[in-house]
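Novice: Handing you a structure now.
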Amino acid sequence: GRLSDDIAFCEVVAEAASNALERAYLFEAIQKANQSLANLATTDDLTGLRNHRYFRERLEQEFARAKRYLLPLSLVIFDLDDFKRVNDTYGHLQGDVVLQEMAKRVTNSTRRSDVTARYGGEEFAVIMPQTDLEGARIGAERLLRGVRDVPYRGLPPDYRVTASIGLATLHHETMLDCEALIRAADSALYEAKRNGKNQLVVAPRRGGKP
């Protein structure tokens, strides 16, 4: 009769709903697993920061977006000064402790919208989307102090770990690809090293030598 038809229909609907729910759970689980794998592939094992591969991909994206909408974009590349001395004097394990601690300080010194990455060895990079020179300089100076001002666990209290920092801001007319922005930041970093380390050097607005 009508009642049994209604019950049969409800059962079909209920089963379909439960299957849909199962599919939704399964889909969510797969998405989470994929996300975990993607994070593993783009994360530096030691520091937990993004790795060089992710840095390059993300800089390409941010550069393209900045070019398309004529937005500001800044890039910081910095290098720990005389890091070999830490490894040679206190050992590589202590060197790793310093890198891990320093990565936390970098994360705490940057904004959520910034992308921090281990560029290689003891060299790090921070992409600052939609950030002009003034804002980037404030961020880079905060970074300089954050790395230097508090002693590191395992090192003597008076041992200062410092960084040399190069900062470049996108100049739309002369910087035609993200390589030009990297070159400018790298050149500024080299200048900071040459000038005595433990300092920030800003690349000229039009690229070229600081």
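The values are calculated or read from the model by the stated rules, or taken from the named source; none is laboratory data. These figures come from a predicted structure and were not determined experimentally. So basically every Cβ, Gly included, is an ideal-geometry build from the backbone, and we count neighbours across all protein chains shown. We work out accessible area using only protein heavy atoms, side chains counted, and drop any ligands, DNA or RNA first. Shrake-Rupley method; radii C 1.70, N 1.55, O 1.52, S 1.80 Å.
Novice: If the cut-off is 12 Å between C-alpha atoms, which aspartates and glutamates fall inside it for residue 197, apart from same-chain ones fewer than 8 positions away?
Specialist: 79, 81, 82
Novice: Name the long-range amide H neighbours of residue 43: under 5 Å, sequence gap of 5 or more, or other chain; modelled H, no Pro or chain starts.
Specialist: Result for residue 43 returns 51.
Novice: Name the trypsin sites (Lys or Arg not before Pro) in region 116-159 that are in a loop by DSSP and that have at most 16 other C-beta atoms within 10 Å, would you? Show your work: numbers first, answer last.
Specialist: Numbers: sites: 118, 137, 142, 145, 148, 153; in loops: 153.
Here the sparse-neighbourhood loop sites are 153.
Novice: Go through 44-50, 16-22, 83-89 and give me the packing order, highest mean Cβ count within 10 Å leading. The partial results should precede the final answer.
Specialist: Details: 44-50: 17.0, 16-22: 10.0, 83-89: 14.9.
Ranking the peptides 44-50, 16-22, 83-89 by packing returns 44-50, 83-89, 16-22.
Novice: So how strong a dipole does region 13-80 carry about its Cα centre when Lys and Arg Cβ are +1 and Asp and Glu Cβ are -1, to the nearest 20 debye?
Specialist: Here the size comes out at about 360 debye.
Novice: If you line up the long axis of helix 133-148 against the longest principal axis of the chain, both from Cα atoms, how many degrees apart are they, to the nearest 10?
Specialist: Its long axis makes an angle of about 80 degrees.
Novice: Taking region 115-210, which chymotrypsin sites (Phe, Trp or Tyr not before Pro) meet the DSSP loop condition and have no more than 14 other C-beta atoms within 10 Å? Numbers along the way, then the final one.
Specialist: Values: sites: 119, 124, 152, 159, 190; in loops: 152, 159.
Listed in order of number, the matching sites are 159.
Novice: Kindly report the accessible area of region 129-210 per residue (heavy atoms of protein chains, probe 1.4 Å, no ligands, DNA or RNA), in Å². Provide the component values of the computation, followed by the final result.
Specialist: Working: 4090 Å² over 82 residues.
Per residue, region 129-210 has an accessible area of 50 Å².
Novice: Under a Cβ-Cβ cut-off of 14 Å, what is the net charge of the residues other than residue 30 that fall near it, where Lys and Arg count +1 and Asp and Glu count -1? Display every interim value, and only then the final one.
Specialist: Values: positive: 23, 32; negative: 22, 28.
Around residue 30, the charge tally is 0.
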